[in-house]
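S.K.: Provided herewith is a single structure, encoded as structure tokens, for subsequent inquiry.
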Amino acid sequence: MAGEALTSNRTWNASAGLKQNKTNWLLVLSSHIANKIPLLVKNGESSVSRRMFDNAITHLKHADDALSARKMPKRPKNWGVEMDVVDENGKPIKKVKVRMCDATFADGSPQSLYYPEGHELAGVFTGMAVILHERGRADVSKVRAECPKFQCKKSINRCCCRSILYNEPYFVNVGSLLEIACEARGFRVIFFPKIHCELNFIEQCWGYSKRVYRELPVSSKEADFERNFLAVLESIPLFVGKYIFGSILLNIDPFDTRSLRFMDAYHKGLNGKQAAWASKQYRDHGVLPDTIMAELETAKLT
Ligand SMILES: [Zn+2]
């Protein structure tokens, strides 16, 4: 994986960022990605750069109108999805019903989920049966909308419309807001296990920064807090300005090397205690030697 050090990343205001609620936080993050991060597309070819995020709920949030078969009715109905209306501070004030976004056919053309103007049911949601029919699936008029409690039996093919639609191309792996924002800038996204102290090196950065923060003079003044907070971020031993709202621009650094070492240890079959020991023995290495099992035996750790 290639990473790029982007010096202009930390152009956000720390205190403003921390005042955001969870929904607003995601909007700020997506906006930051869209506006501050250089487009990584050159000569029509997308870069292989990745952006790493915690596997947090806010990072996995989909657009309110994102494609989803979860609540779709089978038959035509005045149906839509709920969307938050926010005030100027990004705070949700009410909900409105809007149309779900279009699906996509196999040839790349859009599939509207609502009857078009001029149709006797113009603007009405077509329903799962019509959606599947338009996508070339066999007649599902006699197939039930959903199995009881959506507990589908694996042995039965075409048990219910919702199950069939869930497995349709473009209905599976619908990107989150964060993935869409990153992909628009030419990045691909990798989600790390949330709060995992070994395999998620973002947590190691937080751990390091908290330790440095505790060593600074105590103060309850917001100005001191902001200055200390930024100083702590600067102190993280990475290349310049790589911390941005919980994501790390990947470069080789002590934390991701440590995570790589643990990944390699578990891949080689070591348990937690053995991995911790091996990680200390090979502190500067991203992978462990093939002789590691013999070394563990010598150290009486098998
Ligand atoms: Zn089913």
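S.K.: Using R₀ = 51 Å, calculate the FRET efficiency as 1/(1 + (r/R₀)^6) where r is the Cβ-Cβ separation of ALA63 and ASP290; round to 0.05.
M.R.: FRET efficiency, ALA63 to ASP290: 0.65.
S.K.: Based on the alpha-carbon gyration tensor of segment 66-201 and its eigenvalue square roots a ≥ b ≥ c, which shape applies: rounded if a/c is under 1.5, prolate if not and a/b is larger than b/c, or oblate?
M.R.: Here segment 66-201 falls in the oblate category.
S.K.: Across segment 169-179, in residue order, what do the Karplus-derived ³J(HN,Hα) couplings come to in whole Hz, using 6.51 cos²θ - 1.76 cosθ + 1.60 with θ = phi - 60° and x for Gly and Pro?
M.R.: x, 6, 9, 9, 6, 5, x, 6, 4, 5, 4
S.K.: Which of the residue pairs LYS71/LYS94; LYS95/LYS149; LYS94/LYS142; LYS61/LYS273; LYS210/LYS280 have a Cα-Cα distance greater than 29 Å in the structure shown?
M.R.: LYS94/LYS142; LYS61/LYS273
S.K.: Also: Starting from the Cα gyration tensor of segment 145-207, take the square roots of the eigenvalues, sort them a ≥ b ≥ c, and report rounded, prolate or oblate (rounded when a/c is under 1.5, otherwise prolate if a/b is larger than b/c, else oblate).
M.R.: It is oblate, given that a/c is not under 1.5 and a/b is not larger than b/c.
S.K.: Still on this structure, I have one more. Which whole-Hz ³J(HN,Hα) couplings does segment 288-302 yield from phi under the Karplus relation 6.51 cos²θ - 1.76 cosθ + 1.60, θ = phi - 60°, glycine and proline marked x?
M.R.: In residue order, the calculated couplings are 9, x, 5, 8, 4, 5, 5, 5, 5, 5, 4, 7, 6, 10, 10 Hz.
S.K.: Under a 5 Å amide H to amide H cut-off, with H placed in plane at 1.01 Å, what residues pair with THR104 once short-range neighbours are removed?
M.R.: GLN111
S.K.: What are the residues whose amide H is under 5 Å from the amide H of TYR114, where those residues sit 5 or more places off or on another chain and H is modelled from the backbone?
M.R.: Those qualifying (amide H under 5 Å, at least 5 residues apart or on another chain) are THR126.
S.K.: Rounded, prolate or oblate for segment 254-298? Axes are the square roots of the Cα gyration tensor eigenvalues, ordered a ≥ b ≥ c, and the cut-off for rounded is a/c under 1.5.
M.R.: Here segment 254-298 falls in the prolate category.
S.K.: Something else about it: Nearest 20 debye, what's the magnitude of the dipole of segment 81-166 about its Cα centre given +1 on Lys and Arg Cβ and -1 on Asp and Glu Cβ?
M.R.: The dipole of segment 81-166 has a size of about 700 debye.
S.K.: 5 Å is the cut-off here: which amide hydrogens, built 1.01 Å from N in the peptide plane, fall below it relative to VAL189, excluding neighbours closer than 5 in sequence?
M.R.: ARG51
S.K.: I need the peptides 255-266, 69-80 ranked by packing, meaning the mean over residues of other C-beta atoms within 10 angstrom, with the highest value on top.
M.R.: 255-266, 69-80
S.K.: Can you tell me the order of 103-110, 288-295, 172-179 when each peptide is scored by its average per-residue count of other Cβ atoms within 10 angstrom, highest first? Provide the component values of the computation, followed by the final result.
M.R.: Details: 103-110: 11.4, 288-295: 15.1, 172-179: 16.6.
Going from most to least packed, we get 172-179, 288-295, 103-110.
S.K.: Work out the charge dipole of segment 81-166 with +1 on the Cβ of Lys and Arg and -1 on the Cβ of Asp and Glu about the Cα centre, then indicate which of LEU121, MET100, CYS159 is farthest towards its positive end.
M.R.: Looking along the dipole axis, the top candidate is CYS159.
S.K.: To continue, here is another question. About the Cα centre of segment 141-213, what is the dipole size in debye to 20, counting +1 per Lys and Arg Cβ and -1 per Asp and Glu Cβ, all else neutral?
M.R.: In total the dipole reaches around 420 debye.
Computed from the coordinates by the stated procedures, all read-outs in this text should not be read as laboratory data. Source: prediction; values computed, not measured. Neighbour counts run over all protein chains shown; Cβ positions are idealised from the backbone, glycine included.
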